[in-house]
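Undergrad: The structure's right below; bear with me while I get my questions together.
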Amino acid sequence: MTTAIHIHSSVPTVSPIRRFVSRNFRVLVTYSILLVLLLLNIQLNAKFFTPPVITSSFNQSMTLIFAGMAQTSVVISSGIDLSVGPVISLSNSLASAVFADGAFGMIGTVLLVLLVGVLCGLINGLIIVYGRLQPIIVTLATASVYSGVALFLRPRPGGFVPRLYGDLLTSRLSAILQPLSGEQKLTGSIFDYIPASAILLVLVLLVVWQPFRRSKLGLWVYAVGSNQGAAYMSGVNVNRAKIAAYVMSGIFAAIAGLFLTAQTLSGDATKGGVFTLQSIAVVVLGGTSLFGGSGGVAGTIAGAFVLPIIRSILFFARIDPLQQPLWEGAVILLAVTAGASRILTIKNRLNLMR
Amino acid sequence: MAVSSNTSDNTGFGLWRWFNNLERQQRSVVIAYLMIIVLVVLGSLLVTPNFASPTFLIKQLQQASFLGIIAAGQMAVILTGNIDLSVSWTLNLAAVLATSIAGGQDSGFIPGILVGLGVGVGVGLINGIGVAYLRIPSMVLTLGMNALLKGMIVVYNGSAPKFEQAPPLLSWFATEILGDIIPVAVLFWIVISIVNYVVLNRSALGRKTYAVGNNEVAAYLSGIKTRRVLVGAFVLSGVMNALAGLMIAGNAGRSFNEMGEPFLLPAIAAVVVGGTSILGGSGKYLGTVAGVILIRLLDSALNIVQVPPAVRDITFGLVILAMLFLYGRAEKARE
């Protein structure tokens, strides 16, 4: 007893702030980068803090944010999901087809698309777990199937999406609240500065991500990603945790597709494809290790904002538009590799090779 | 991971017994080749009687050789437990530079080719050094390289694309069928395949490649210069991608943007369908060849029937899944 007390007193008490910093170091780095880029952007563009610019930068990042969140939940379990892009395409095509049909109404359509997202993720998870196959290959194959289904639903770009749906997700809060406030003009008020998509993001975080993250299942996903054998030994249901991670990915990808639909007001079975690789880049930018077991969506969200901001900086710095992709590529390469390079963080050469 | 399940089963006769006594890896290669035969038979019964004709199959091999060259490089990288996602734009940059330097003239052929292949070596070196020495996960690094290379092409082309037409000699290499029997492109693929096969199966370098993929720490502690092996694999992949880019440009008669996009995922699929473990350390080169032919035949069968792209994608995915279930499954876990 006395020894225990002795040991306890010899351990310096860590301040909560310090603990927070050491636990979230990578995420804080990403947010610092984001802050620097933001300041640079404000310096270059005087109109940066105006309602239209704020709204459009949120809208431009939002699909990628949700795609990144989809990838994050799987990467935490040390898996990978190459079907994120095709599921986005699929839900975009499905939404445009069902909206055109009009039978389900707006809420019904959204629920149906989310359900299909869950189904896609469930299929991935079940095949990976019970087929005992590697995630990268399984999702490569299901990606082909899902984009086939998307093409089946929408062979040519088009379809009909109600304007109201698009406005609800992509306009400013002031525009949405205007009918409620009656006489009083909301233009110029605080609501003008809040994009509807930001509200959507907060809602998704509060209703979908946080409950999952705080649940037993969410904890299991981290445990499995960190050390599958140890997790199994501690009584974690490894199979269920892995399936849950892929289902979460399906849900987030479906949300991404729903947002893309609101943004483009049409369906296109090929629009989502680019998001597969971009989602991986964003996850890494956000400080989630591809080896699993750590990280979260907070970093991913920051990572997804980095790309459009770089684009905007290049634009306002009057860089030749032809050189933009090169600079974009260079910055991504640098940011991603600097974040992921392990030679800087590991002490033992043998540990490097794991 | 290369567990040879040598549970000798002496029941049955002849071929069946031989098949049962094969190692797991060899068995998957045999299954892949059997699938090719099944596909050819099905194709000639259901698609068109021409499917089994030599002219048609030779044409298929010629088309398959581009994918085959890429897959040869990709396999080396996958064997070490890594992946090369920079296929598309490495191939594209090599082709764009080669055609613009050659300027459509055979006199510019050699410089064009050399610069094109130089791109492959350069990209491979950067990828390899990044993965082996800086320890950046290959998936991340090669993905970033891909974005960078894409930007380089846009800058190089400027507002108007540079000269895109392939020199006649390059087209000859990619499309000529010698004596109506053997396409030059297939000859290239065969030579590369023989070298690859011999290196992987009969040389120290090949053994080292498998060793690194199996357990890099153990390989390192046994005195293998694992980092050099990794760099070598990525350089091979880069050069193969560049070579394929030149061939594809020759085949199409010109270089164009996004010409490499349709090759990345099929190349990975071909390697895996051929029985190579995506985790590295096990797989047979002959299986990769089978995987390439399989994917090519499947693609053209679906092409000829003129099914909608939707059905094509779905079938493609389902066939890969089916092949995985046949032999890609891990041993039942005993955690």
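Values in this text are rule-based calculations from the coordinates and carry no lab data. Predicted, not measured: the structure shown is a model, and the values here were computed from it. Backbone-built Cβ (ideal geometry, glycine too); neighbour counts: all protein chains shown.
Undergrad: Rounded if a/c is under 1.5, else prolate if a/b beats b/c, else oblate: with a ≥ b ≥ c from the C-alpha gyration tensor eigenvalues square-rooted, which is the stretch B:151-296?
TA: prolate
Undergrad: A further question follows. Which value results when the Cα radius of gyration for the stretch B:222-282 is divided by 2.2 N^0.38 Å?
TA: Compared with the compact-globule rule of thumb, the stretch B:222-282 sits at 1.43.
Undergrad: Cross-chain or 8 or more residues apart, Cα under 30 Å: how many lysine pairs in chain B fit that? Count them up, please.
TA: Lysine pair count for chain B: 7.
Undergrad: For the stretch A:1-143, state the semi-axes of the equivalent ellipsoid (square roots of 5 times the eigenvalues of the alpha-carbon gyration tensor), sorted largest first and rounded to whole angstrom.
TA: Equivalent ellipsoid of the stretch A:1-143: 39, 30, 15 Å, largest first.
Undergrad: Residues with amide H under 5 Å of A:SER77's amide H, sequence separation 5 or more or different chain, H placed in the peptide plane at 1.01 Å from N; which?
TA: A:GLY293
Undergrad: Please work out whether the stretch A:78-171 counts as rounded, prolate or oblate from its C-alpha gyration tensor, where a ≥ b ≥ c are the square roots of the eigenvalues and a/c under 1.5 means rounded, while otherwise a/b larger than b/c means prolate and anything else oblate?
TA: prolate
Undergrad: Of B:MET75, A:MET62, A:MET106, how do they rank once you tally other Cβ atoms within 10 Å and put the fewest first?
TA: A:MET106, A:MET62, B:MET75
Undergrad: Collect residues whose amide H, placed 1.01 Å from N in the peptide plane, falls under 5 Å from the amide H of B:GLY81; neighbours closer than 5 in sequence don't count.
TA: B:GLY280, B:GLY281
Undergrad: Rounded, prolate or oblate: which fits chain B when a ≥ b ≥ c are the square roots of the eigenvalues of the alpha-carbon gyration tensor, with rounded for a/c under 1.5 and prolate only if a/b beats b/c?
TA: In terms of gyration-tensor shape, oblate.
Undergrad: Moving on. Limiting things to C-alpha atoms, what are the Rg and the maximum Cα-Cα separation (Dmax) for the stretch A:273-342, in angstroms?
TA: 12.9, 42
Undergrad: Please report, largest first and rounded to whole Å, the three semi-axes of the ellipsoid equivalent to the stretch B:19-156, where each semi-axis is the square root of five times an eigenvalue of the C-alpha gyration tensor.
TA: 34, 25, 12
Undergrad: In addition: Reported to two decimal places, what Rg/Rh ratio describes the stretch B:177-222 when computed on Cα atoms with Rh from the Kirkwood expression?
TA: Over the Cα atoms of the stretch B:177-222, Rg/Rh equals 1.31.
Undergrad: Turning to a different aspect of this structure: Mind giving me the FRET efficiency for B:LEU221 and A:PHE25? R0 is 25 Å, r the Cβ-Cβ distance, nearest 0.05 is fine.
TA: Given R0 = 25 Å and the Cβ-Cβ separation, E is 0.20.
Undergrad: Here is a follow-up. How large is the Rg to Rh ratio of the stretch A:29-93 when both quantities use alpha carbon positions and Rh follows Kirkwood?
TA: So for the stretch A:29-93, dividing Rg by the Kirkwood Rh gives 1.11.
Undergrad: OK, next. Picking from A:THR264, A:THR13, A:THR55, which is most flexible by a Gaussian network model of chain A using Cα springs under 10 Å?
TA: Highest fluctuation among the options: A:THR13.
Undergrad: Work out the length of the dipole vector of chain A about its Cα centre, built from +1 on the beta-carbon of each Lys and Arg and -1 on the beta-carbon of each Asp and Glu, and round it to the nearest 20 debye.
TA: 1000 debye
Undergrad: Right, something else. How are the alpha carbon pair distances in the stretch B:236-335 distributed across 10 Å bins from zero to the largest one, expressed in percent?
TA: Bins of 10 Å from zero give 13, 38, 34, 13, 2, 0 percent of pairs.
Undergrad: Alpha carbons only, please: Rg and Dmax for chain A, in angstrom.
TA: In order Rg, Dmax, the Cα atoms of chain A give 21.9, 76 Å.
Undergrad: Moving on. Between A:VAL274 and B:ASN201, how many nm apart are label points set 7 Å from Cα along the C-beta direction?
TA: 4.5 nm
Undergrad: How many percent of all Cα-Cα pairs in the protein assembly as shown sit more than 49 Å apart?
TA: 16 percent
Undergrad: Loop only per DSSP, at most 16 neighbouring Cβ atoms within 10 Å: give me the trypsin sites (Lys or Arg not before Pro) in the stretch B:139-214, ordered by residue number.
TA: B:LYS162
Undergrad: When the C-alpha atoms of the stretch A:170-309 are aligned to their principal axes, what extent does each axis show, in angstrom, from largest down?
TA: Cα spread of the stretch A:170-309 along its principal axes, largest to smallest: 64, 32, 26 Å.
Undergrad: Per-residue mean of other chain beta-carbon atoms within 10 angstrom of the beta-carbon, peptide A:318-328?
TA: 4
Undergrad: Sticking with this structure for a sec: Would you please give the residues with an amide H less than 5 Å from that of B:ARG254, counting only those at least 5 places away or on a separate chain, with H modeled from the backbone geometry?
TA: Counting only residues 5 or more places away or on other chains, the set is B:ALA166.
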